[in-house]
Amino acid sequence: MPAPTPHRYKNRSKVWLYDGPGGWHFVTLSGKQSSEIAFLAAHSKSAWGSIRVIATVGRTSWKTSIFPDKKCGAYLLPLKAAVRIKEKIATGDTVAVTIELQA
């Protein structure tokens, strides 16, 4: 039996800076993608609703988690500093992101 096809999502989104402690940078997934991801990953969410993914921006891929944001009703992908530096990404830039859900 062949392995299941991984669920991948492509998105273009503006990078924004969280105004709280830590100075985290994020991109917001679309509402439609977020709804589908929430449905598909219902069995594998953590206690906080985070979902493990492999994210790719440019030529950089890394393992991380996406997090639900109740305010906007979508998932947020954190962009760690090493990725932003390597890909020359700044706050306000629009980036193409690929998300692959992990089992």
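The values are calculated or read from the model by the stated rules, or taken from the named source; none is laboratory data. Given the structure is predicted, the values throughout are model-derived calculations rather than measurements. So basically every Cβ, Gly included, is an ideal-geometry build from the backbone, and we count neighbours across all protein chains shown. Each accessible area value is taken on the protein alone, full model and side chains, heavy atoms only, with ligands, DNA and RNA left out. Shrake-Rupley method; radii C 1.70, N 1.55, O 1.52, S 1.80 Å.
Brief remarks follow.
- Residue satisfying condition, being open to solvent by less than 50 Å² (accessible area, probe 1.4 Å) and either assigned to a strand (DSSP E or B) or free of Cβ contacts under 8 Å to residues at least 12 places away in the same chain (or both), within set I89, I85, I99: I99
- Number of the exception - G31 against (1) surrounded by 15 or more Cβ atoms within 10 Å (Cβ to Cβ); (2) in contact with a Cys (Cβ under 9 Å, 6 or more places away or on another chain): (1)
- Just one of (1) in a loop (DSSP other than H, G, I, E, B); (2) free of Cβ contacts under 8 Å to residues at least 12 places away in the same chain; (3) closer than 20 Å to L101 by Cβ; (4) not hydroxyl-bearing (S, T, Y) fails for K32. It is (1).
- Filter pass, A41 being surrounded by 18 or more Cβ atoms within 10 Å (Cβ to Cβ), farther than 17 Å from S13 by Cβ and at pLDDT below 95: yes
One line per residue, one yes/no per condition, for (1) in a loop (DSSP other than H, G, I, E, B); (2) free of Cβ contacts under 8 Å to residues at least 40 places away in the same chain; (3) surrounded by 15 or more Cβ atoms within 10 Å (Cβ to Cβ); (4) not basic (K, R):
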residue	(1), (2), (3), (4)
I37	no, no, yes, yes
K63	no, yes, no, no
F67	no, yes, yes, yes
L77	no, no, yes, yes
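- Candidates T28, T56, T91, T60 - the one that is modelled with pLDDT of 95 or more, of a type in the set (S, T, N, Q) and closer than 12 Å to Y9 by Cβ: T56
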